[in-house]
Amino acid sequence: MVKKVLLFLLLSASLYAQVTLNTLMDETGTRLIWDSEHKIGTLSKGEDRIVFSTDAPSLLINYERTIPADPALYEKGILSFSDETARLIYDFFSSRREDNSYEVTTILLDPGHGGKDWGAYRPTLVDEQQTYLKEKNVNLDMALRLEELLKKKYPDKTIALTRRTDEYIDLKERVAIAESYEFSPQEGMIFLSLHANASLNKKARGFEIWYLPDNVERDLVDGDESQAVSQVLNTLWEGIFTRECYNFARFLLNSIDESYPEDFPNRGLKRELWYVLRNKNMVSALAELAFISNEEDIPLLQDEEFLDDYARALADGIGDFIEYFEK
Ligand SMILES: [Zn+2]
């Protein structure tokens, strides 16, 4: 009987011996990116990453291997781990070197289309004059606003544009520009393409962020991975920079979403290989800013205040990513 009681006490003690995420982050000096949609968290320090979720009975280590662990617990807005899992995370980070810091040295903005290529367009009135709202101009306008903000924010980084006038450059040239920068292994760039959307469905409106998925079949993780973790695995790339495309896209999306809580729809993250940018030192994403085909979005794209706020939201999203990545 005594044994049973003792066993019960031990069991209940271990059930409730949870270590909160905050405590763990303090002790390991890690940072968190939390995907509330899929309940997936990434703890990072230098180039090391541990991905956990509230569903998967495993931890994903540096996107390379998994180890069995208790799923994280999410209760009343607080994330915590079992004692054992917390120990695994702590041991991993304390065994790693400290000297692997990374730096984003360049931010390259890529306003889509230009010159003879208008992108999406739409007849509109400006000062009672019939004219066209053209995507190429919307994209360039946003790139120039964003450039100004980023130059102020990051005087030590190179802020560049693939085009700064109404000129035509094809995809190949854009890629060539992006790949003309040289980096040391610990350095790299952010590449952000700016576009505006159009749809036959006139009701479609709002913003979305595209990121490049991995198009190479990999078999890094054996066994039955939970779907949650495999979603993260889908963003795998070769280098530490390219691996972070998903997180970069999410920071951007969250930042815009926070600026426009209700009246500007968040259409979420999309993944597709829209063209090949396989520079190992590059984090890239593409923003579809709004719909040129939508009656509600059109006036927004002609509104100075909206455009300024939008550029600020993009700059903040870039800033959030840099802060997360460089630490
Ligand atoms: Zn476009």
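All of the numbers you see were taken from the coordinates with simple rules; none came from a lab. This one's a predicted model, so the numbers in the text were calculated from it and none came from an experiment. Glycine also receives a Cβ, built like all others from the backbone with ideal geometry; neighbour counts cover every protein chain displayed.
Give me D for the stretch 118-171 in µm² s⁻¹, whole number, from Stokes-Einstein with Rh from the Kirkwood sum over alpha-carbon pairs, 4 °C and 1.567 mPa s. Please list the in-between numbers first.
Numbers: Rh = 13.0 Å.
Rounded to a whole number, D works out at 100 µm²/s.
Taking residue 202 as the anchor, which aspartates and glutamates have their alpha carbon closer than 12 Å to its alpha carbon, excluding any fewer than eight residues away along the same chain?
Hits, sequence-local ones excluded: 295, 296, 297.
Once amide H atoms are built 1.01 Å from N in the peptide plane, which residues 5 or more positions from residue 282, or in another chain, come under 5 Å H to H?
Correct list: 189, 242.
Cross-link partners among lysines for residue 172, C-alpha distance below 20 Å, same-chain residues fewer than 8 apart left out?
116, 136, 280
Just tell me which aspartates and glutamates come within less than 13 Å, Cα to Cα, of residue 152; anything on the same chain fewer than 8 places away is out.
316
Grab the beta carbon distance between residue 96 and residue 27, set R0 = 22 Å, and tell me the FRET efficiency rounded to 0.05. Write down the numbers at each step before the final one.
On the way: r = 14 Å, r/R0 = 0.64.
Using R0 = 22 Å, I get an efficiency of 0.95.
Please report, in debye to the nearest 20, how large the charge dipole of the stretch 59-161 is about its Cα centre when each Lys and Arg carries +1 at its beta carbon and each Asp and Glu carries -1 there. Walk me through the numbers before you get to the answer.
Numbers: 14 positive and 18 negative charges, 61 e Å.
Taking the Cα centre of the stretch 59-161 as origin, the dipole is about 300 debye.
I need the fraction of alpha carbon pairs in the stretch 55-140 separated by more than 17 Å, rounded to a whole percent. Kindly include the intermediate steps, with their values, before the conclusion.
Working: 2603 of 3655 pairs.
Summing the P(r) of the stretch 55-140 above 17 Å gives 71 percent of all pairs.
Mind listing the phi-derived Karplus ³J(HN,Hα) values for the stretch 182-187, rounded to whole Hz, using 6.51, -1.76 and 1.60 with θ = phi - 60°, and x for any glycine or proline?
Those phi angles translate into 10, 9, 6, x, 9, 10 Hz.
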